[in-house]
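Here the structure comes first, spelled out in structure tokens, and everything after it is commentary.
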Amino acid sequence: MKIIVTSLFVEDQDKALEFYSEKLGFVKKHDVPMGKFRWITLVSPDDHDGTELLLEPNEHPAAMEYQMKIVAEGIPATMFGVADIHQEYKRLLENGVKFTMEPTKMGESTIAVFDDTCGNLIQIVQQ
């Protein structure tokens, strides 16, 4: 068994698709109409067959409440691994990404946190 899709609640699928592809550099794999919404997944540019990130509408009240509460507590919704966090931090800043935590050493890892503009805090980590 392996993880093939992981979802992330987003306030606006179009805005999220633009942010995750244009600002972060992920590649769209699927964009399928599903009634009012779409099945939109992205993958890492260097692993087209890897785990897909599903941009899940937060339409359900429980999803909205969950998303708002974890952001209010400063809890990232997910974590992405990077090879060089300082280089990635600089690249994302240049792309207009707003960080809530600059690269910070935490034990064996260095982490940073940014706002995805779609209702989430996202953590990047260099291990």
Practice task
Just need the relative contact order of the chain here, percent rounded to a whole number, with Cα pairs under 8 Å and 6+ apart.
Solution key: 25
Exercise for the section: Could you sort 114-122, 62-70, 12-20 so that the peptide with the highest average Cβ count within 10 Å comes first and the rest follow in order? Expected result: 114-122, 12-20, 62-70
Handout entry: In order through the range 110-127: 3J(HN,Hα) via Karplus (6.51 cos²θ - 1.76 cosθ + 1.60), integer Hz, x for Gly, Pro
Key = 10, 10, 8, 10, 10, 9, 7, 6, 10, x, 10, 9, 10, 9, 10, 9, 10, 9
Exercise for the section: Return the carbon/sulfur percentage of the accessible area of the chain, one whole number, probe 1.4 Å, all protein chains in place. Expected result: 54
Problem - the chain, helix-only ellipticity at 222 nm - DSSP H runs n ≥ 4, -39,500 (n - 2.57), divided by all residues, nearest 500 - result: -6500 deg cm²/dmol
Exercise for the section: Evaluate E = 1/(1 + (r/R0)^6) for ALA83 and LYS2, where r is the Cβ-Cβ distance and R0 equals 30 Å; express this FRET efficiency to the nearest 0.05. Expected result: 0.85
Practice task
Report the local net charge at ASP84: Lys and Arg +1, Asp and Glu -1, summed over other residues whose C-beta lies under 10 Å from its C-beta.
Solution key: +1
Exercise for the section: Grab the Cα-Cα distance for TYR66 and LEU93, subtract it from 0.36 nm times how many residues apart they are, and report the gain in nm with one decimal. Expected result: 7.0 nm
Problem - Reported label for calculated Cα extents along the principal axes in Å given (i) 52, 23, 23; (ii) 44, 34, 33; (iii) 170, 29, 15 - result: (ii)
Fill in the blank from the handout: Non-local residues with an amide H under 5 Å from the amide H of VAL5, with H modelled 1.01 Å from N and Pro and chain starts lacking one, are GLU52
Handout entry: Per-residue ³J(HN,Hα) for the range 38-51, Karplus 6.51 cos²θ - 1.76 cosθ + 1.60, θ = phi - 60°, Hz, x for Gly and Pro
Key = 9, 8, 10, 10, 10, 9, 5, x, 9, 8, 5, 9, x, 4
Handout entry: Heavy-atom accessible area per residue - the chain, 1.4 Å, Å²
Key = 62
Practice task
Under a cut-off of 21 Å between alpha-carbon atoms, report the lysines in cross-link reach of LYS98, not counting same-chain residues fewer than 8 places apart.
Solution key: LYS15, LYS23, LYS69, LYS90
Exercise for the section: Mind listing the long-range amide H neighbours of LYS29? Cut-off is under 5 Å, sequence gap 5 or more, other chains count too, H placed in the peptide plane at 1.01 Å from N. Expected result: THR41, LEU42, VAL43
Fill in the blank from the handout: Most fluctuating of VAL32, VAL71, VAL113 in the GNM of the chain (C-alpha, under 10 Å) is VAL32
Handout entry: 5 angstrom amide H check on THR78, placed H, neighbours 5+ away
Key = GLN123
Completion exercise
The size of the Cβ-based charge dipole (Lys, Arg +1; Asp, Glu -1) of the chain about the Cα centre, to the nearest 20 debye, is 40
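The values are calculated or read from the model by the stated rules, or taken from the named source; none is laboratory data. The structure presented is a predicted model; accordingly, all values stated were derived computationally and were not measured. Virtual Cβ from ideal backbone geometry, glycine too; neighbours counted across all protein chains shown. Remember, those area values only see protein heavy atoms, side chains included, never the ligands or the DNA or RNA. Shrake-Rupley method; radii C 1.70, N 1.55, O 1.52, S 1.80 Å.
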